[in-house]
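Below is one structure, written out as structure tokens; the observations come after it.
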Amino acid sequence: MDNRPIGVFDSGLGGLTAVKELIRVLPGERILYFGDTGRVPYGTRSRETLIRYTREDIAFLSSMGVKRILIACGTASTVLDAIDPDPRVPVSGVLYAASRKAAAATKNGRIGLIATASSIRSGLYEKIIASLAPDFSVVSRATPLLVPLIEAGRIRRGDVVLETVVREYLAPIRDEGVDVLILGCTHYPIIRDVIGSVMGDEVTLIDAGAAAAEEVKNALTADGALSDGRDPGVSFYVTDFPEGFAAVGSMFLGSEIAGRTEKIDISEKYASH
Ligand code: DGL
């Protein structure tokens with residue numbers, strides 16, 4: 001048994017899609033969520049900058065005494081290979097979990113992928129899927145306007161701007177005949193309804209954060225590191241504008257998080273040089 005919290009981070013709101021799933025599969029755990037809202041978006045950054053941000057985010061959560069860290073950010077997960085492993089605090093990302101789930105779900109071997117520009121540029125999803133099933137094809141597209149729209153609270157069906165952008169991005173992927181679409185950025189399940197309405201019911205949507213949350217549960221169970229369930233709940237930390245984060249985050253999680261969101265300064269104390 002291990003009563004330390006689970007640490008989860010993303011550039012902003014996206015990792016909440018993993019938190020929602022963690023709460024569902026591990027209702028007894030305490031979770032510390034860190035959203036780097038002062039430096040969002042990550043999806044436009046270079047690999048070098050992403051490595052620096054990711055190291056700092058991990059240093060902050062480690063300093064809070066977590067037992068395990070989930071990088072609930074597709075973009076930051078692409079630099080996991082550059083993170084020095086610490087056996088006391090295992091770190092996992094979302095790419096492998098999402099790719100495995102997509103490869104298991106497709107029937108026709110045609111997998112769609114949407115993610116940030118940095119994630120698509122890394123080519124990692126394609127590499128992982130090719131290693132799982134060399135015959136499968138991946139139709140991928142960077143969808144850079146989605147994160148700013150979601151961070152701005154444009155998340156509802158009927159939002160004309162959001163629906164226009166989603167249709168423009170997704171119609172060509174749908175027309176390629178994919179039967180699975182990986183939501184490779186953890187922000188995207190927040191607008192799952194809108195994405196689903198363009199792709200149609202026959203296309204299975206893979207939520208990267210949710211897939212990774214299941215793997216966290218399996219790892220904690222295998223390690224005998226689940227908590228005793230006496231102190232469940234989530235605390236939120238952000239690097240800027242907690243009010244904006246709490247407003248959209250509450251809407252997405254379906255519970256008020258304003259009083260549980262604290263602003264921290266990551267620049268000095270956790271800086272990786
Ligand atoms: N939610 C993140 C991802 O999964 C990052 C989005 C961003 O900051 O650009 O890629």
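Kindly establish whether L22 is open to solvent by less than 10 Å² (accessible area, probe 1.4 Å), within 16 Å of the ligand (Cβ to nearest atom) and more than 17 Å from V238 (Cα to Cα). Against the criterion (open to solvent by less than 10 Å² (accessible area, probe 1.4 Å), within 16 Å of the ligand (Cβ to nearest atom) and more than 17 Å from V238 (Cα to Cα)), L22 qualifies. The set of residues in segment 106-124 that are in contact with a strand residue (DSSP E or B) (Cβ under 7 Å, 6 or more places away or on another chain), within 11 Å of A142 (Cα to Cα) and not in a strand (DSSP E or B) comprises T116, A117, I120. Where helices (runs of 4 or more DSSP H) sit wholly within segment 155-273, those with at least 3 residues that are without any contact (Cβ under 8 Å) to a residue 12 or more places away in the chain, within 30 Å of R4 (Cα to Cα) and open to solvent by 40 Å² or more (accessible area, probe 1.4 Å) occupy 208-222.
With respect to (1) touching a Phe, Trp or Tyr at 6+ places or on another chain (Cβ under 9 Å); (2) of a type in the set (A, V, I, L, M); (3) open to solvent by less than 40 Å² (accessible area, probe 1.4 Å), the lone exception for L145 is condition (3).
Results for (1) within 11 Å of the ligand (Cβ to nearest atom); (2) charged (D, E, K, R); (3) open to solvent by less than 50 Å² (accessible area, probe 1.4 Å), shown as yes or no for each residue.
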| site | (1), (2), (3) |
| --- | --- |
| R88 | no, yes, no |
| K107 | no, yes, no |
| I111 | no, no, yes |
| T116 | yes, no, yes |
| I120 | yes, no, yes |
| E126 | no, yes, no |
| A133 | no, no, yes |
| R141 | no, yes, no |
| G153 | no, no, yes |
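Among the residues of segment 75-86, those that are more than 10 Å from the ligand (Cβ to nearest atom) and in a helix (DSSP H, G or I) comprise L80, D81, A82.
If a residue must be closer than 20 Å to A152 by Cβ, of a type in the set (S, T, Y) and in a loop (DSSP other than H, G, I, E, B), how many such residues does segment 1-49 contain? Counting residues in segment 1-49 that are closer than 20 Å to A152 by Cβ, of a type in the set (S, T, Y) and in a loop (DSSP other than H, G, I, E, B) gives 4.
Of note, Y53 satisfies the criterion of being outside any strand (DSSP E or B), open to solvent by less than 30 Å² (accessible area, probe 1.4 Å) and among the aromatic types (F, W, Y).
The conditions are (1) among the aliphatic types (A, V, I, L, M); (2) buried (at least 22 other Cβ atoms within 10 Å of the Cβ); (3) within 12 Å of the ligand (Cβ to nearest atom), and A102 fails exactly one of them. Which is it? For A102, the exception is condition (3).
The values are calculated or read from the model by the stated rules, or taken from the named source; none is laboratory data. The model shown is predicted, which means the values in this text are computed figures rather than measured ones. For neighbour counting, all protein chains shown are included, and Cβ atoms are generated from backbone atoms with ideal geometry for every residue, glycine included. Just the protein is used for accessible areas: all its heavy atoms, side chains included, with ligands, DNA and RNA removed. Shrake-Rupley method; radii C 1.70, N 1.55, O 1.52, S 1.80 Å.
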